[in-house]
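Undergrad: Mind looking over this structure? Questions follow.
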Amino acid sequence: MDKIIDIKKQELNLKLSELNRIKDEINTLETEKKDIEKAMNLLNKDVSSYDEYISNLVAYQKLYVRLKAIEKTLDELRLLEEALAEEAKDIVRDIKAMEIIKHNRQIEYIKKELYQEEMNASFFYNLKHFYIVLIALFLAFSMKSFGAPALYQNAKTQVEQNINSDEQNLNLLLDQKLQKLEKEKKELQALIKQQEELQKLQKKKQEEAKKKKQQEEQEIQKYVKVVAAADSDQAGAMLNDVDPEIAAKILVMPPSRKAGDILSAMDPKKAALVTDYIMTHKKELNAMKKEIMNANNQAQNQNASSPSSSQSPNQNQPQNSPPPPPG
């Protein structure tokens, strides 16, 4: 068991080392992303000549391409970071479980050892006590027979002291074993409590993720109904104020026949971001679409009412735009 625990700990150290490397890489890319955004903002200014405008536009385009590449890499690294973190948690849970098993085995072994020692001590104590009492009776009979009361009293006192000493030593041994067993029992209870807390945290995280997903799906379904009832211009104006990720998820949901017209009615920069998200997350969007449609079909088959509460859409952050042409 100790070898397996050591191997698990080595595996955990490797996972944590890789996780730290991923975090450092994410921090580096975040810093580079901020620098690029600052540079793009500097290019987004009025220019005095057409040549300067063309130069700024080319530089802006290069920065934009690099920015998108960084954002894609960051998404991949964050997914990898989350996967490594989950693997590390699983290893920690395995180690804790094996340590609990190890402690249980140790406690069982100690119980058996203590029981055996108690049996041995009881046997030898009774045997010794029997011989001591036998000798004491013999001495008492002999001393009384030969008329030596003082020697008889001294021998009796010595025998009683030996018996008391043996009892004290045996009680001390039993107390030490019981204290050791109690200490290991408390350690085991602490490990079990820690394991339960880890399980509670894991369950809470799963419930929060599920709740967040449900709220997002409700928000998307609410927007889908509103967008379906509005004309293209109204829908485009509405989605201009929605996060590009949410807007993309809304547009791929049926009825999606107006998606092209709605994108045309949206702000060009926002429409580009939404289109880019749709093109780079096709698999994820298709899975989400099927999941929501299946849930709706099940609800209809069971004559259940659709969710009535949803979260208000997130307000989108202002996006970088290419430099304006010279006036």
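Undergrad: Just a yes or no: is a residue in the range 185-194 surrounded by 12 or more Cβ atoms within 10 Å (Cβ to Cβ), free of Cβ contacts under 8 Å to residues at least 24 places away in the same chain and part of a helix (DSSP H, G or I)?
TA: no
Undergrad: Tally time: how many residues in the range 44-89 are touching a residue at least 12 places away in the same chain (Cβ under 8 Å), surrounded by 14 or more Cβ atoms within 10 Å (Cβ to Cβ) and of a type in the set (Ser, Thr, Tyr)?
TA: 4
Undergrad: If a residue must be in contact (Cβ under 8 Å) with a residue 24 or more places away in the chain, part of a helix (DSSP H, G or I) and aliphatic (A, V, I, L, M), how many such residues does the range 225-255 contain?
TA: Count: 10.
Undergrad: Is it true that Asn27 is more than 35 Å from the chain's Cα centre (by Cα) and loosely packed, with under 15 Cβ neighbours inside 10 Å?
TA: Against the criterion (more than 35 Å from the chain's Cα centre (by Cα) and loosely packed, with under 15 Cβ neighbours inside 10 Å), Asn27 does not qualify.
Undergrad: When you check Met279 against the structure, is it in a loop (DSSP other than H, G, I, E, B), free of Cβ contacts under 8 Å to residues at least 60 places away in the same chain and under 34 Å from the mean Cα position of the chain (by Cα), yes or no?
TA: Spelling it out, it is not the case that Met279 is in a loop (DSSP other than H, G, I, E, B), free of Cβ contacts under 8 Å to residues at least 60 places away in the same chain and under 34 Å from the mean Cα position of the chain (by Cα).
Undergrad: Would you mind finding the one in Lys68, Lys111 that is over 30 Å from Lys203 (Cβ atoms), of a type in the set (Lys, Arg) and modelled with pLDDT under 80?
TA: Among Lys68, Lys111, only Lys111 is over 30 Å from Lys203 (Cβ atoms), of a type in the set (Lys, Arg) and modelled with pLDDT under 80.
Undergrad: So if I check each of Ile246, Ile250, which one is within 28 Å of the chain's Cα centre (by Cα) and crowded, with 18+ Cβ neighbours inside 10 Å?
TA: Ile246
Undergrad: Now for a separate question. In the range 6-24, is there at least one residue being in the same structural domain as Arg105 (by TED's automatic domain parsing), charged (D, E, K, R), within 22 Å of Ala272 (Cβ to Cβ) and modelled with pLDDT under 90?
TA: Within the range 6-24 (the criterion being in the same structural domain as Arg105 (by TED's automatic domain parsing), charged (D, E, K, R), within 22 Å of Ala272 (Cβ to Cβ) and modelled with pLDDT under 90), the answer is no, since none of the residues qualifies.
Undergrad: When the residues of the range 197-224 are filtered to those that are basic (Lys, Arg) and either in contact with an Asp or Glu (Cβ under 9 Å, 6 or more places away or on another chain) or surrounded by 11 or more Cβ atoms within 10 Å (Cβ to Cβ) (or both), which remaining residue is farthest from Met253 (Cα to Cα)?
TA: Restricting to residues being basic (Lys, Arg) and either in contact with an Asp or Glu (Cβ under 9 Å, 6 or more places away or on another chain) or surrounded by 11 or more Cβ atoms within 10 Å (Cβ to Cβ) (or both), the top hit is Lys205.
The values are calculated or read from the model by the stated rules, or taken from the named source; none is laboratory data. Every value quoted in this text rests on a predicted model; they were computed, and no experiment measured them. Positions of Cβ are generated from backbone atoms using ideal geometry, with glycine treated the same way; all protein chains shown enter the neighbour counts.
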